[in-house]
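Asker: Got a structure for you, written out below as structure tokens; questions coming shortly.
Each value in this text was obtained by applying a stated rule to the coordinates, not by laboratory testing. From a predicted model like this one, the values you see are computed outputs, not experimental measurements. Neighbour counts run over all protein chains shown; Cβ positions are idealised from the backbone, glycine included.
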Amino acid sequence: MRVDLHTHSTASDGRLTPVELCERALAVGVDLLALTDHDTCAGFLSVTDADDGAERKGPRPFRGTAMRLIAGVEYSCQWHGVGLHVLGLGIDPGHAASRAALAMLGQARQERAAIIGERLAKLGIAGAAAGAAAIAGAGQVGRPHFAQFLVDRGVVRTMNEAFDRYLGAGKRGDVKTGWPELPQVVDWVCRAGGVAVLAHPLKYRLTATRLKRVVGEFRDMGGEGLEVVSGRQTGEATAQLGRLCRQFELAASTGSDFHQPGAFSANVGEAGLLPPDCRPVWERWLS
Ligand code: MN
Ligand code: MN
Ligand code: MN
């Protein structure tokens with residue numbers, strides 16, 4: 001059973017179209033795939049037939065193949081001023097809670113992009129908001145599009161440098177205004193019939209004490225899962241998150257967080273195995 005419950009397409013900041021992403025997943029033998037674009041389900045909806053008769057929030061076959069797709073979204077939110085990502089897995093994208101949430105976040109992204117553009121303009125870099133929007137195309141605009149713009153303009157040499165100097169945590173382009181609070185996002189996911197999973201818990205660089213605090217609060221709000229494996233990570237990280245998962249009696253998820261093919265990050269389907277004593281979050285979708 002090959003599972004990948006965290007992937008991005010051109011509907012947000014991924015490089016492959018939703019169809020290309022699914023075909024690549026199929027080619028490497030993925031059985032269960034979740035498309036989890038940032039704050040949108042447009043990619044998932046574009047590769048599934050709305051009238052395929054399947055239960056709206058359950059897994060659906062990908063174009064007559066054995067691979068099954070789960071609707072997902074990677075919600076941006078904040079917790080005590082820290083930007084967090086929550087995966088809503090198995091949600092019904094057509095539910096009123098999902099529609100309202102995605103509309104609000106689309107708006108927040110537009111507003112945030114304008115603010116980032118203004119801040120970069122004050123640093124002497126003109127036209128960033130329009131440039132990032134052009135790179136995003138029809139997809140949701142995000143900081144990686146700004147990073148690409150800065151590389152294309154020759155302001156920085158690499159995407160990493162763009163984050164280190166302009167867009168990363170604490171830099172001028174790190175704008176968190178407009179993101180909903182954590183309980184709001186968990187509520188949207190639960191109401192839409194999905195499972196809320198705290199994404200890549202080690203990426204927020206929280207102290208061990210704060211990490212436990214956010215995981216405990218997340219569970220008390222109705223959060224059900226922890227992303228125990230995210231892309232290529234050390235065995236030590238997997239073991240640490242596995243312990244946290246068991247301590248709080250949460251289900252465990254695994255995902256590549258795939259954005260683009262390349263040697264430096266996990267490929268689609270390259271989502272590591274969970275520690276044996278973790279309860280997989282996808283058990284509920286196996287029949
Ligand atoms: Mn991304
Ligand atoms: Mn993320
Ligand atoms: Mn992601």
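Asker: Could you work out, for region 32-168, what percent of all Cα-Cα pairs fall into each 10 Å distance bin, beginning at 0 Å and stopping at the bin that holds the largest distance?
Answerer: Histogram of Cα-Cα distances, whole percents per bin: 11, 35, 29, 18, 6, 0.
Asker: Just want to confirm a number: the relative contact order over the chain, from Cα pairs under 8 angstrom separated by 6+ residues, in percent.
Answerer: Reported as a whole number, the value is 20 percent.
Asker: Sticking with this one: Relative contact order, percent, of region 116-253 when contacts are C-alpha pairs under 8 Å separated by at least 6 residues?
Answerer: 16
Asker: Checking the a/c ratio against 1.5 first, then a/b against b/c, what shape does the Cα gyration tensor give for region 158-287?
Answerer: oblate
Asker: Tell me the net charge near Arg109. Cut-off is 14 Å between Cβ atoms, Arg109 excluded, with +1 for each Lys or Arg and -1 for each Asp or Glu.
Answerer: After counting each charged neighbour, the total is -2.
Asker: Test of understanding: express the Cα radius of gyration of the chain as a ratio to 2.2 N^0.38 Å, with N the residue count.
Answerer: Computed over Cα atoms of the chain, the ratio equals 0.96.
Asker: Evaluated at 20 °C with a viscosity of 1.002 mPa s, what Stokes-Einstein diffusion coefficient in µm²/s does region 128-198 have when Rh comes from the Kirkwood expression over alpha-carbon pairs?
Answerer: So the translational diffusion coefficient is about 154 µm²/s.
Asker: On a 0 to 90° scale, report how tilted helix 18-27 is relative to the longest principal axis of the chain, with both axes built from alpha carbons and the result rounded to the nearest 10.
Answerer: Helix 18-27 sits roughly 50 degrees off the main axis of the chain.
Asker: Please report Ser230, Ser9 as a ranked list, fewest other C-beta atoms within 10 angstrom at the top and most at the bottom.
Answerer: Ser230, Ser9
Asker: Next question. Taking neighbour counts of Cβ atoms within 10 Å as a proxy for exposure, in what order, fewest first, do Glu224, Glu283, Glu20 appear?
Answerer: If I rank by nearby Cβ atoms, fewest first, I get Glu283, Glu20, Glu224.
Asker: With 10 angstrom as the radius, rank Tyr75, Tyr204, Tyr166 by how many other C-beta atoms surround their C-beta, starting from the fewest.
Answerer: Listed from fewest to most nearby Cβ atoms, that is Tyr204, Tyr166, Tyr75.
Asker: What is the Cα centroid distance between region 170-223 and region 85-103, reported in whole angstrom?
Answerer: Spelled out, the Cα-based centre of one part sits 15 Å from the other.
Asker: Checking the a/c ratio against 1.5 first, then a/b against b/c, what shape does the Cα gyration tensor give for region 163-218?
Answerer: Taking the square roots of the gyration eigenvalues as a ≥ b ≥ c, region 163-218 is oblate.
Asker: Right, another one. Helix-only estimate, please: 222 nm mean residue ellipticity of the chain, summing -39500 (n - 2.57) across DSSP H runs of length 4 or more and dividing by its residues, to the nearest 500.
Answerer: -11000 deg cm²/dmol
Asker: Can you list the HN-Hα couplings for region 65-71, worked out from phi with the Karplus curve (6.51, -1.76, 1.60; θ = phi - 60°), rounded to whole Hz and with x for Gly and Pro?
Answerer: So the J values, rounded to whole Hz, are 8, 7, 6, 10, 10, 10, 5.
Asker: Quick one: how many lysine pairs does the chain have with C-alpha atoms less than 27 Å apart and a gap of 8 or more or different chains? Give me the count, please.
Answerer: Value for the chain: 7.
Asker: Give me the angle, in degrees from 0 to 90, between the Cα long axis of helix 96-122 and the longest principal axis of the Cα atoms of the chain, rounded to the nearest 10.
Answerer: Taking the Cα atoms of the chain, the angle to 96-122 is about 30 degrees.
Asker: Based on the alpha-carbon gyration tensor of region 191-266 and its eigenvalue square roots a ≥ b ≥ c, which shape applies: rounded if a/c is under 1.5, prolate if not and a/b is larger than b/c, or oblate?
Answerer: In terms of gyration-tensor shape, oblate.
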